[in-house]
Every structure is written in C-alpha cells, then in structure tokens.
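Notes follow once the structure below has been shown.
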Amino acid sequence: MKIILYVFSGTGNTYQVSKLYQKYFSQLDNNNQVDIYRISQEVVSIPNPNEYDLIGIGYPIHAFCAPEPIIRLCKELPDVNIKKTFFFKTSGEGLHINDCSSQKCLKILTKKGYDVIMERHIVMPYNMIYRHKDAMAKQMWIYAHALADLNCRELTNLYQTNQRTRVKRSILKRMLTNPIGFIERKFAHLHGTCFKVDYKKCIKCGKCIKECSQNNITIENGKYKFGHKCVLCMGCSFNCPANAIHIGIFKFWKVNGSYHLNDLLKDETIEFPFVFNHAKGVYRIYKKYYREVNKQLENANINIYDYIS
Ligand SMILES: Cc1cc2nc3c(=O)[nH]c(=O)nc-3n(C[C@H](O)[C@H](O)[C@H](O)COP(=O)(O)O)c2cc1C
C-alpha cells in the first residue's frame, strides 16, 4: 500500500505519532510505503492524494476541534475518486468529547470524494496547562506505540475488507464543539499578537521563527514581532531553548521544553505503569482512558510490555 500522512504538529507530539504510524505500517508489510507531509512555513506543493492508496490526516486537538491549518488543508486538497482516508489526532486528555473534533473536516472531505474509514485519538503529554511528570509522559508514549500499532492493523483490515468504523458523535457533543472551535480559531489570531520575547533571557537563536508553521514571527530592528496569523500551536514557546517567550493570558499554562520521550521510554528507573498505581488528583481522569485502551489491546492480543525496550 502507498500511504500519505498529512500532518500538522505544533510542539511535535502529532509528528512523533505520525512516525509511529510510519513504523508500524512498514512493520506490517515491507511493501507499505509511508510518506509524511508536515505542514510548515516552507512553501512546498502538497503531495497529490490521487497518487496514494490510503490517506492519513493527523493533527493536535485544539479546543475539541481540528486546528486551522488542517481545516485549510482539507479545503486545499483536490477532489478524488473515492479515497480511503483516516484521521489520527493527539490530545491532552482522553475525554470522549475529543472524538468529534474532525466534524468540520469530515464535511469538507466527504463532498470531495474522501471516504473516511477511521478516526482515533491518542493521548500525549500536554504542551499547555501543566507539565506532566516523567512517569506519566513515559506511560503516554508507551501506549502511543501500542495504539499506533493497533490502528495500523485495524486500518489494513478495514482497507482490505472495504469496511469502515465511525466514532459516536452525539448531537450535544457536535453542538458544543463546533462553536468552541470556531471561537478558539478566531481568538488565536488576536491573542497571538500578545506574545512577547523576554530579551533578558533571549539568546537570539531564531528557533521560534523556524518553529512557527504560520510564518507569523518576524524580526524588525532586532526585535521579534508576532503577527495576526497565530494558531496557538505553542511551537515557539514550547521549543524556545531559553524559555524566553511570554504567551499572554496563558502565562500560567506555559509548558517549555521537550519531554524527550524516547529517553523516558528506555529509562528503567521510571516506574511503569504510573497511572494505575498513583491515580490521585488530576491523574485520576486518565485512569478511565487507560482502562478503555487496555480493553482494546486485550481484544487484539497486544501486550503493552512488548513496547518497552
Ligand atoms: C490551544 C490549545 C488547545 C488545546 N485544546 C485541547 C483540547 O480541547 N482537548 C485536549 O484533549 N487537548 C487539547 N490541547 C492539547 C493538545 O491537543 C496536545 O498537547 C497535543 O498532543 C499537541 O500536539 P502537537 O505537539 O502535535 O501540537 C490543546 C493544546 C493547545 C495548545
């Protein structure tokens, strides 16, 4: 199978998950070819979906919805003659309200001939609100491996048997999520202009400019300027090596610096599974999510410990 993954990723979670899909599709069948197209500021022509058998669209959930660059991508993609397509999303929480996030994209793509056969989301460490403990981030990354592997197996089966699965989208969830997403997307443009650089900390490396997928950060007379194109992806502030970017009203929710997930996975001194042993306070909400995932893995005869090495 020839597969293309169109990916938007602010702080790298969704991109890392897309690499897992690439890995597990290739492991399933040597003949699978998986290309990844990451939406970035560089003007690169979008790969033509007509040249692929299966289309994947990956994004981080923003305010229970798809972020603006993904909605734009869906509008820009050409019409196709029935192409099997799937959504994979990353989110900070495993709440079921996140299931409805592709609603707008689904509407646009269906009209163009894309046949959406699956939609799944994978919980990854927060890039905003608070920084997870290493043990929690390790657990999320191990489960992301297992879920990506499971999803690749399911997708292959659905593709071959001409079937599809659909997530449950209650009317209430749909009515709630669409307006929230709309407001968030408009707010992002306004609020992005409030981002500021702390010049006492800034090392003038220009990483924020490189990280901004929207080409929204420029330098004028040695000062960084944030324009109106921000989509609140947090790529600039999360990846700033000097932690020098102020993010306006979200200042108490800032998370800075990579979780180094592959190092955490290899570190045997970090306890696993964390959430079942220490599900106190905020971590309690993840217990339900991991119970559900464990059931899915059990049904597919997948052992979570196979992904730790
Ligand atoms: C502006 C913003 C809004 C978010 N909204 C949600 C949300 O509604 N639900 C959720 O579970 N996670 C939410 N998150 C968390 C991200 O979806 C999550 O951290 C994701 O893995 C980030 O992926 P990325 O690194 O590819 O950008 C939000 C993050 C940001 C920055």
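The values are calculated or read from the model by the stated rules, or taken from the named source; none is laboratory data. On a predicted model such as this, the values are computed, not experimentally measured, just so you know. Cβ placement follows ideal geometry from the backbone for every residue including glycine, while neighbour counts extend to all protein chains displayed.
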Restricting attention to segment 31-75, report how many residues are acidic (Asp, Glu) and either within 16 Å of the ligand (Cβ to nearest atom) or modelled with pLDDT under 95 (or both).
-> 2
Hey, does segment 197-214 have a residue that's surrounded by 13 or more Cβ atoms within 10 Å (Cβ to Cβ), more than 23 Å from the chain's Cα centre (by Cα) and either in a helix (DSSP H, G or I) or of a type in the set (Phe, Trp, Tyr) (or both)?
-> no
Do the conditions hold for Glu184, that is, is it closer than 15 Å to Phe87 by Cα, of a type outside the set (Val, Ile, Thr) and either at pLDDT below 95 or assigned to a helix (DSSP H, G or I) (or both)?
-> no
Going through segment 90-126 in order, the residues found to be within 13 Å of the ligand (Cβ to nearest atom), in contact with a Ser or Thr (Cβ under 8 Å, 6 or more places away or on another chain) and farther than 20 Å from Ile183 by Cα are Thr90, His121, Ile122, Val123, Met124
Filter result for Arg174 (part of a helix (DSSP H, G or I) and more than 14 Å from the ligand (Cβ to nearest atom)) | yes
Test result for Ile180, surrounded by fewer than 20 Cβ atoms within 10 Å (Cβ to Cβ), away from the ligand (no atom under 16 Å from the Cβ) and more than 18 Å from the chain's Cα centre (by Cα) = no
Taking segment 14-30 and keeping residues within 16 Å of the ligand (Cβ to nearest atom) and among the hydrophobic types (A, V, I, L, M, F, W, C) leaves Val17, Leu20
Being buried (at least 18 other Cβ atoms within 10 Å of the Cβ), in a loop (DSSP other than H, G, I, E, B) and among the charged types (D, E, K, R) is the filter here, so list the residues in segment 120-136 that pass it.
-> none
By residue number, the members of segment 218-234 that are in contact with a Cys (Cβ under 9 Å, 6 or more places away or on another chain) and either within 16 Å of the ligand (Cβ to nearest atom) or more than 24 Å from Pro60 (Cβ to Cβ) (or both) are Phe226, Lys229, Cys230, Cys233
Kindly indicate which of Tyr130, Tyr159 is hydroxyl-bearing (Ser, Thr, Tyr) and out of contact with any strand residue (DSSP E or B) (no Cβ under 9 Å at 6 or more places or on another chain).
-> Tyr130
Over segment 76-108, the set of residues under 22 Å from Arg174 (Cβ atoms) and over 19 Å from the mean Cα position of the chain (by Cα) is Lys107, Ile108
Candidates Arg153, Arg169, Arg164 - the one that is of a type in the set (Lys, Arg), touching a helix residue (DSSP H, G or I) at 6+ places or on another chain (Cβ under 7 Å), modelled with pLDDT of 95 or more and farther than 23 Å from Thr269 by Cα | Arg153
Check whether at least one residue in segment 263-282 is within 15 Å of the ligand (Cβ to nearest atom), more than 30 Å from Tyr305 (Cα to Cα) and either exposed (fewer than 13 other Cβ atoms within 10 Å of the Cβ) or under 20 Å from the mean Cα position of the chain (by Cα) (or both), and report yes or no.
-> no
Which number in (1) among the basic types (Lys, Arg); (2) under 24 Å from Ile183 (Cβ atoms); (3) more than 11 Å from the ligand (Cβ to nearest atom); (4) touching a strand residue (DSSP E or B) at 6+ places or on another chain (Cβ under 8 Å) marks the one condition that Lys83 misses?
-> (2)
Any idea which residue in segment 231-262 is surrounded by the most Cβ atoms within 10 Å (Cβ to Cβ), counting only those that are aromatic (Phe, Trp, Tyr) and in a helix (DSSP H, G or I)?
-> Phe238
